[in-house]
Amino acid sequence: MPKILVLPITLTSTFLHIKKYSELYLLLILFISTSYLRFQNLGFSEYCVDEPGAFLFYGKETTGESVSEFLLKQRKGPMQFIVSYLPYLVTGDFQNELAERLPFAFFNIAAVILFYFVIKKLTGNKTTAFIAAFLFSFNGFIVAFGRVAQYQSLNLFFSLLAVYFYSALISPNEHHKIRKTMFGTLALSLSVLSHWDVVYFVPVILTIFIKFLLNREYPKSYKTRIVLYNFILGTLLLAPYLVLYISSYMGNTDNREYFSSRVSFSSSVEIERDLGRIVLYNPFLMVQVYAIFGFIGIIYDLLTLFIKKLRTPFSGVFTLWFVVVTLLFLFVIGYPGTHLYNFLIPLMILSSLGFYSVIKLFPKWAKVLPIIFCAGVLVFLFHQSERIFVDSVNEYPWQQETIYKYTTQEYSQKDGVVQRNLIGFPHYRKWKEINKFINEENARRETAIGYITNDHPTISQFYMDTQYTENVPIYYAIGIKEPYTFVTDYKFFGTKGKRTIYKIVVGDEYKSVIYIVGEAEK
């Protein structure tokens, strides 16, 4: 029997056993808690507005467009379309929410575990790495990304994998640097092919390469070989796609306008808007924790540059990473949306350094006090994400959620923060049942009557077979209670000549109502 499975029988042996295998036990806790927040009720919600955009031909039949033509006109790389197509090969149905989300959830969980090993490698400290990994795992943005079929989890995993391999360049006593950096370039290329958010990891990767190139311990010929090999590999991996993509992109007016709206190269920060989005995904405690311990972490990170005893090859890198990404959001990115999570990643690491430095201040016999405090913060953040993203009793942010007597704010159509980029929140309105009923109703009427709805057209058009239509004499009006648009009039009070023909109950309350408008029943 493996030693780890032998039950200790005394207090002393128990303590020694836990101490010996503490890393394994903490990794197990990290894996279980992370998996729960991703897998529990994963298939409950229908797709959010952004998810159908991750499917080949948006989950519909192609209208004669080839796969290459479709991919080259997208605003994101091809990786999410490849990954989302794998479940489709098994199910044959893009409307299988659970199947489509599963591979992205696995990548998200893998990114969390990888995050631990990256920070452990960069700091040489398990405590800092575990705190950072738990903060990363329980962050609302990261949890949300792990519960949707979209590119973010791929981007995170491959970017972190690239950093992990590239860090071999300045990690003492690490061998096979050429091989590891080439694995890093492979991972970086896959991240580029996932999404352009890889740019937010460039500061730390560039810093690693610059530190390596300035290191006089290695001959110039060795440095040249590493740079040349990685450049050639990156070119071979990316050029075939990027050359065609850039050519297609330059001829696509919609994509150019989208790029202009996102990248402004001017001071465009809106603190209230951006803070509001962070709070939307992390209503309580997180902002305060990141602000206080992130500030302490910056001080500690900078002190390691001047105190030889604390110095590491990565001293100051996290602060530099945070500053560069912050400047990008301040002066380059016009509308960050949920991409704000990239600003939080170096801040999470700095916050973990802040926690670690506080723990170090306490004498050995009293270190349990800050450790208990840190554990309490992490438990709260876990519970917060569980209530917001996993629990479906209250569908936040359409309904308020109470967490340890703290109640979230009430959102309405007037709040711009909920008008875009709602990702990963629980929301179920039985659109498949709505589609089935209307198909049967149209078959009975022997006609193809269209519909209108107060919900977002992207969602309805994905699930519905009949067409969205306006200004016609007869149509269905599909009223969704608490829709993605936050429009409160789901009963179409201003519409005359309507008649209720179907109601849909979710749980114990009506969530959807279907009316026929404009003509008597045939």
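The values are calculated or read from the model by the stated rules, or taken from the named source; none is laboratory data. Only a predicted model underlies this, so the values are computations on that prediction, with no experimental measurement involved. Neighbour counts run over all protein chains shown; Cβ positions are idealised from the backbone, glycine included.
Within segment 390-419, residues that are without any contact (Cβ under 8 Å) to a residue 24 or more places away in the chain reach partners that are in a loop (DSSP other than H, G, I, E, B) and charged (D, E, K, R) with beta carbons closer than 6 Å, at six or more positions or on different chains, in the pairs 394/401; 400/410. Would you check if residue 117 is in contact (Cβ under 8 Å) with a residue 24 or more places away in the chain and in the same structural domain as residue 245 (by TED's automatic domain parsing)? The answer is yes for residue 117. Among residues of segment 172-181 being touching a residue at least 24 places away in the same chain (Cβ under 8 Å) and touching a helix residue (DSSP H, G or I) at 6+ places or on another chain (Cβ under 9 Å), the one that is surrounded by the most Cβ atoms within 10 Å (Cβ to Cβ) is 181. Residue 90: in contact with a His (Cβ under 6 Å, 6 or more places away or on another chain), of a type in the set (A, V, I, L, M) and surrounded by fewer than 19 Cβ atoms within 10 Å (Cβ to Cβ), yes or no? Criteria not met by residue 90.
Residue 439 meets all of the listed conditions (1) surrounded by fewer than 21 Cβ atoms within 10 Å (Cβ to Cβ); (2) in contact (Cβ under 8 Å) with a residue 40 or more places away in the chain; (3) on the phi < 0 side of the Ramachandran plot but one, namely (2). Exactly one residue out of 37, 27 is of a type in the set (A, V, I, L, M, F, W, C) and surrounded by fewer than 19 Cβ atoms within 10 Å (Cβ to Cβ): that is 27. If you go through segment 295-314 and pick out every residue that is under 27 Å from the mean Cα position of the chain (by Cα), farther than 20 Å from residue 207 by Cβ and not in a helix (DSSP H, G or I), you end up with 0.
For segment 64-87, the candidate set comprises residues that are among the polar types (S, T, N, Q) and closer than 26 Å to residue 141 by Cβ; within that set, the residue that is surrounded by the most Cβ atoms within 10 Å (Cβ to Cβ) is 80.
No other residue among 345, 292 is outside any loop (DSSP other than H, G, I, E, B), in the same structural domain as residue 160 (by TED's automatic domain parsing), crowded, with 22+ Cβ neighbours inside 10 Å and in contact (Cβ under 8 Å) with a residue 40 or more places away in the chain apart from 345. Just so you know, in segment 308-327 the residues that are of a type in the set (A, V, I, L, M) and modelled with pLDDT of 90 or more include one that is surrounded by the fewest Cβ atoms within 10 Å (Cβ to Cβ), and it is 327.
A single entry from 95, 80 fulfils the requirement of being closer than 27 Å to residue 199 by Cα and either in contact (Cβ under 8 Å) with a residue 12 or more places away in the chain or part of a helix (DSSP H, G or I) (or both): 80. As a summary of the residue check, residue 174 satisfies the conditions (1) part of a loop (DSSP other than H, G, I, E, B); (2) within 30 Å of residue 390 (Cα to Cα); (3) not polar (S, T, N, Q) except for the one numbered (2).
Taking the listed residues 134, 165, 145, the one that is in contact with a helix residue (DSSP H, G or I) (Cβ under 7 Å, 6 or more places away or on another chain) and surrounded by fewer than 24 Cβ atoms within 10 Å (Cβ to Cβ) is 165, with no other qualifying. Return the residue satisfying two criteria in turn: it lies in segment 47-71 and is of a type in the set (Gly, Ala, Ser) and part of a loop (DSSP other than H, G, I, E, B), and of such residues it is modelled with the highest pLDDT. This residue is 66.
With respect to the conditions (1) of a type in the set (A, V, I, L, M); (2) under 18 Å from residue 84 (Cα atoms); (3) surrounded by fewer than 18 Cβ atoms within 10 Å (Cβ to Cβ), residue 56 lacks only one, and its number is (3). Looking at 454, 421, just one residue is surrounded by 15 or more Cβ atoms within 10 Å (Cβ to Cβ) and either assigned by TED's automatic domain parsing to the domain that holds residue 340 or in contact with a strand residue (DSSP E or B) (Cβ under 8 Å, 6 or more places away or on another chain) (or both), and that residue is 454.
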